[in-house]
Structures are given as structure tokens and as C-alpha cells.
Amino acid sequence: MRAAMATAEVDDDVLGADPTAVRLESEVATIMGKEAGLFVPSGTMGNLISVLVHCDIRGSEVILGDNSHIHIYENGGISTIGGVHPRPVKNNDDGTMEINSIEAAIRDPRGEIVYPTTRLICLENSHANTGGRCLSADYTDKVGELAKKHGLKLHIDGARIFNASVALGVPVNRLVQAADSVSVCLSKGLGAPVGSVIVGSKSFISKARRLRKTLGGGMRQLGFICAAAFVALKENVAKLEGDHKKAKMLAEGLNQIKGLRVNVAAVETNIIYFDILEGSKLTAEKLYKNLEEHGVLVMPEGPYRMRIVLHHQISSSDVQYTLSCFQQAFNGVHEENGNQV
């Protein structure tokens with residue numbers, strides 16, 4: 001990636017003249033089956049721009065999952081910057097929202113004197129907060145049909161859409177076929193240092209380009225960043241299946257450790273959530289610090305809940321080492337309890 005960055009051909013991307021950026025945007029759009037693409041510095045900006053293009057009248061409303069990234073982790077940007085009102089619908093354990101619940105959340109246009117106007121539905125695939133669960137093409141199609149029925153747009157937060165594609169064995173363009181726009185992350189599992197690409201129709205991307213400039217995302221000689229993202233796209237998608245297999249291996253191993261509970265069946269991609277059982281002397285914070293001392297980085301998600309995410313630089317031996325570190329942490333607690341008794 002660094003070699004590609006050093007030799008990248010660049011020009012002024014704000015003026016649409018950077019050849020490497022143009023090539024990357026075109027490639028991602030083609031892969032996704034959409035007309036055009038636009039590179040943005042982050043997935044958060046990509047989602048924000050997409051929502052604001054579709055909801056270009058302040059006071060618009062977007063239906064989205066109550067456990068979705070846009071709703072929880074993006075600083076309320078759609079509201080604070082765009083004046084867009086979120087209408088959260090409960091996410092199921094598999095990341096979906098009930099179709100009937102989505103339809104029930106759509107505002108009746110006859111009530112526009114008092115209600116916000118529904119203009120957009122957002123999905124997330126894979127769904128991070130439910131453990132990287134994958135939304136099927138059939139489910140997404142049904143949401144897309146519902147959106148069209150009511151004259152709405154559909155945006156997919158596809159930060160990990162390639163993970164979903166690999167896990168389901170379905171081409172990525174098929175997974176987003178029903179969507180009017182998609183935000184595609186090229187860091188995370190694909191390993192680029194920075195960046196996402198949003199895709200959609202030519203008119204959508206034309207509006208998105210102006211908004212990107214407004215939000216400070218116009219970065220002039222962008223090609224050297226896009227060159228690294230291009231390597232990620234070309235070389236690392238094929239490695240995702242290995243990430244998923246190692247995540248499953250790690251989840252199964254963790255579930256064998258006394259004091260931990262993992263829903264192994266829910267591990268579909270590269271994300272694992274696990275719980276520390278009641279009665280253990282370890283909390284998530286204590287376990288985090290213990291593992292950090294051994295070079296294993298995990299993320300506390302609550303007093304007794306944690307998250308682990310794998311990437312292609314994590315080897316099978318790294319997985320075994322990690323399991324040994326977990327086992328040692330819990331063995332230490334058992335020994336400490338025994339000494340106290």
C-alpha cells in the first residue's frame with residue numbers, strides 16, 4: 001500500500017481531475033452495480049452525505065435501526081447538521097427490522113401538518129452491533145419494495161458489505177441491488193488506512209460531491225490515499241473468508257472457557273461479542289487491562305460484555321495465543337479465589 005501511495009498519479013480531486021480517485025470511484029461503483037461513486041474520508045461522512053442528499057428538506061424523517069451505527073455512533077450528525085429526524089425501529093438479534101414495523105413507522109402524508117415527512121429507510125449490512133450479522137438479498141429486496149411502494153429511498157450502510165457478501169456467498173452487487181445509495185468502507189476488514197466510497201446514481205453523486213465540499217471532505221490531491229484503498233479492494237477481499245473462519249475458531253474456543261459465554265451460532269463474519277458470566281471476579285475492564293498487558297486488544301462494551309474483531313493480519317497462531325491469554329486470565333481469578341478461601 002505504501003509503495004502504491006508513493007507512486008500514485010494525482011491531480012486536483014475537488015475539480016474532479018485526480019485520475020487515481022476517479023479510477024477507484026468508478027471501480028467501486030461498477031462492483032456495486034451503481035452508476036457512479038465518490039470517495040469520502042470516513043464512513044460517518046459517507047452516511048451523513050447520503051442521508052442529507054435523500055432528505056434535502058429540513059424536518060425530513062429517516063427510519064433506521066435502534067441499534068444501528070448511524071443512530072448510535074455518528075454523533076447525531078443527521079440531526080445536528082442536516083435537521084433530519086431519526087425514527088428508530090427495533091433491530092432484531094440478526095440485524096433486521098420487522099417489515100411490518102418499518103411500514104408502521106412510515107408517516108401518513110395526511111398528517112404532515114404535525115408529523116415529520118418520511119423520506120428514507122436505512123439498513124446496515126453486515127450489522128455491527130448484533131455481531132456482524134448479515135442481511136440477505138431477499139430481506140433487502142423486501143425493504144426496497146416497501147420503500148418504492150411509499151415513494152421513499154433506501155440507503156445501505158455497507159461499512160462491512162464485503163464481509164456480508166463473502167459470508168453469504170452472494171455477489172456484493174446483488175446484496176445492494178435494491179438500494180438507492182450505499183456507503184462502502186475500504187478500511188476496517190479490507191485494511192486501507194482511511195476512506196469510504198459512496199455509490200448511487202449520477203445525480204445522487206453530483207449532489208453528494210457538493211455536500212462533501214461543504215462538510216470539509218474535499219481533499220485536493222486525493223490519489224495517494226485512493227491508491228492504498230485500491231490495493232485493499234484488489235487484494236484483501238479474498239482474505240475475508242479466512243477472517244471469518246478464524247473468528248469462528250476463536251468464538252468456539254472462548255465458549256469453552258469457564259466464566260465466558262459466546263453465542264457461537266451468531267458469529268457469521270469477523271465480529272465476536274461475548275459475556276463474562278455472573279459470579280466471576282473479572283469485569284470487562286479488568287479483563288481488558290489483563291489482555292492488553294499481553295498484547296491482545298479487545299473492546300469493553302459494558303461491565304460484563306466485550307467485543308473482538310479480527311482482520312487478515314491475525315493468524316491462526318494468534319488465535320491460539322489469544323485463547324491462552326484468556327484462559328490464563330480466568331485461571332488467575334480461580335487461583336485467587338482459592339487462596340482467599
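The values are calculated or read from the model by the stated rules, or taken from the named source; none is laboratory data. Only a predicted model underlies this, so the values are computations on that prediction, with no experimental measurement involved. No Cβ is skipped: glycine too gets one built from the backbone with ideal geometry, and neighbour counts run over all protein chains shown. All accessible areas refer to the heavy atoms of the entire protein, side chains included, with ligands and DNA or RNA removed. Shrake-Rupley method; radii C 1.70, N 1.55, O 1.52, S 1.80 Å.
Points to keep in mind about this one:
- Candidate set: the range 104-149, residues that are farther than 26 Å from residue 44 by Cα and of a type in the set (Val, Ile, Thr); chosen: the one farthest from the chain's Cα centre (by Cα): 113
- Output for the range 280-311, where each listed residue is assigned to a helix (DSSP H, G or I) and hydrophobic (A, V, I, L, M, F, W, C): 284, 287, 291
- Taken together, 28, 10, 62 contain a single residue that is open to solvent by less than 70 Å² (accessible area, probe 1.4 Å), under 27 Å from residue 206 (Cα atoms) and assigned to a loop (DSSP other than H, G, I, E, B), which is 10.
- Per-region count, the range 248-279, residues without any contact (Cβ under 8 Å) to a residue 40 or more places away in the chain and either on the phi < 0 side of the Ramachandran plot or among the aromatic types (Phe, Trp, Tyr) (or both): 14
- Among the residues of the range 258-269, those identified as open to solvent by less than 20 Å² (accessible area, probe 1.4 Å), at pLDDT 95 or above and part of a loop (DSSP other than H, G, I, E, B) are 267, 269.
- Of the numbered criteria (1) open to solvent by 40 Å² or more (accessible area, probe 1.4 Å); (2) over 17 Å from residue 329 (Cβ atoms), the one residue 233 fails is (1).
- Residues considered: 187, 183. Of these, the only one that is open to solvent by 10 Å² or more (accessible area, probe 1.4 Å) and under 15 Å from residue 45 (Cα atoms) is 187.
- Cβ-Cβ distances below 6 Å connect the following pairs, each with a first residue in the range 164-176 that is buried (at least 23 other Cβ atoms within 10 Å of the Cβ), a second residue that is outside any helix (DSSP H, G or I) and of a type in the set (A, V, I, L, M), and a separation of six or more residues or different chains: 176/156; 176/182.
- Lone unmet requirement of (1) touching a residue at least 60 places away in the same chain (Cβ under 8 Å); (2) open to solvent by 80 Å² or more (accessible area, probe 1.4 Å); (3) closer than 23 Å to residue 95 by Cβ for residue 245: (1)
- Criterion (under 17 Å from residue 136 (Cα atoms) and small (Gly, Ala, Ser)) met by exactly one of 111, 95: 95
- Filter pass, residue 121 being over 27 Å from residue 186 (Cβ atoms) and surrounded by 21 or more Cβ atoms within 10 Å (Cβ to Cβ): no
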